[in-house]
Amino acid sequence: MYDQIKQALFSPEWIERFRRSENAFTRTRDLPFHRLVSFLLNLRKGSTEQELKGFFATLEEQPLASATPTVSGLCKARQRLSAEIFPALNRQAIETFRAGWATPLWHGFRLLAVDGTTLRLPNHSALEGYFGAQPSGPVLARASMLYDLGHEL
């Protein structure tokens, strides 16, 4: 699965598809497309500055990375990246996983479970305009989760 995601992150088609402007990710920088996405996918525990230093030290296999981007550089690079890459990477990972495994069946059926909930949202005019408002109540939204029991996804 790692190879397919790595190919996607280095693919000119993915870079073009998920950059926010024509000029984004065209020059060689400390945070090219694949490194930026990899950093953002990394489970972060410390401050952004500490995480950048650790991430680049790991990449360069040295205790102190020589060319660590700044936090402001990360923010600028992040602005050039479309957030749509994350659902696309998730779909890619799931498709790759499913392609390698037979779909488990129960009496010939694929088992899926759905659960829903109601979310209480902050009182904000944009949220109220999108989700509607309750008479003298909070702004509420519905959420559903589909779970593939056979693959535990």
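The values are calculated or read from the model by the stated rules, or taken from the named source; none is laboratory data. The structure presented is a predicted model; accordingly, all values stated were derived computationally and were not measured. All Cβ positions, even for glycine, are placed from backbone atoms using ideal geometry, and neighbour counts span all protein chains on display. Keep in mind that these areas ignore ligands, DNA and RNA; they rest on the heavy atoms of the full protein, side chains included. Shrake-Rupley method; radii C 1.70, N 1.55, O 1.52, S 1.80 Å.
Rolling a 1.4 Å probe across the protein heavy atoms gives region 112-151 an accessible surface of 78 Å² per residue. Only protein atoms count toward the accessible area here, which uses a 1.4 Å probe; on region 21-63, the carbon and sulfur part of that area reaches 45 percent. The HN-Hα couplings worked out from phi for region 17-26 by the Karplus form 6.51 cos²θ - 1.76 cosθ + 1.60 (θ = phi - 60°) are 5, 10, 8, 8, 8, 5, 8, 5, 6, 9 Hz, whole numbers, x standing for Gly and Pro. The angle between the Cα long axis of helix 48-60 and the main principal axis of the chain comes to about 60°, on a 0 to 90 degree scale. Here's how it looks for Val139: its modeled amide H is under 5 Å from those of Leu121, which are all 5 or more places away or on a different chain. The solvent-accessible area of Ile94, taken with every protein chain present and a 1.4 Å probe, is close to 50 Å².
In order along region 110-115, the phi-based Karplus estimate (6.51 cos²θ - 1.76 cosθ + 1.60, θ = phi - 60°) of 3J(HN,Hα) comes to 7, 8, 10, 10, 10, 9 Hz; Gly and Pro are listed as x. Using a simple spin-label model with pseudo-atoms 7 Å out from Cα toward Cβ, Ser11 and Arg142 lie 3.4 nm apart. Tell me, what % of the accessible area of region 112-151 is carbon and sulfur with a 1.4 angstrom probe? Whole-percent figure for carbon plus sulfur exposure: 56. State the label only: which of (i) 9, 25, 26, 26, 13, 2; (ii) 8, 16, 22, 29, 13, 5, 4, 2, 0; (iii) 11, 40, 35, 12, 1 corresponds to P(r) over Cα pairs in 10 Å bins from 0, in percent computed from the shown model? The value computed from this structure is option (i). The phi-based Karplus calculation (6.51 cos²θ - 1.76 cosθ + 1.60; θ = phi - 60°) puts the 3J(HN,Hα) values of region 70-78 at 7, 4, 5, x, 4, 4, 5, 5, 4 Hz, whole numbers, x for Gly and Pro.
The gain in end-to-end length when the Glu128 to Arg78 segment is fully stretched comes to 15.2 nm, 0.36 nm per residue minus the alpha carbon separation. Taking all protein chains as they are arranged and a probe of 1.4 Å, the heavy atoms of Arg98 leave approximately 80 Å² accessible to solvent.
Sorting Val71, Val37 on solvent-accessible area from highest to lowest, probe radius 1.4 Å, gives Val71, Val37.
Each of Arg142, Arg35 has its accessible area taken with a 1.4 Å probe; listed largest first, they run Arg142, Arg35. Taking 20 Å as the straight-line reach from the Cα of Lys76, the aspartates and glutamates in range (excluding those fewer than 8 positions away in the same chain) are Glu16, Glu22, Asp30, Glu49, Glu51, Glu84.
Using C-alpha pairs below 8 Å separated by at least 6 residues, the relative contact order for the chain is 20 percent.
Pairing the Cα long axis of helix 85-100 with the longest principal axis of the chain, what angle in degrees results, from 0 to 90 and rounded to the nearest 10? Between the helix axis and the principal axis of the chain, the angle is about 80 degrees.
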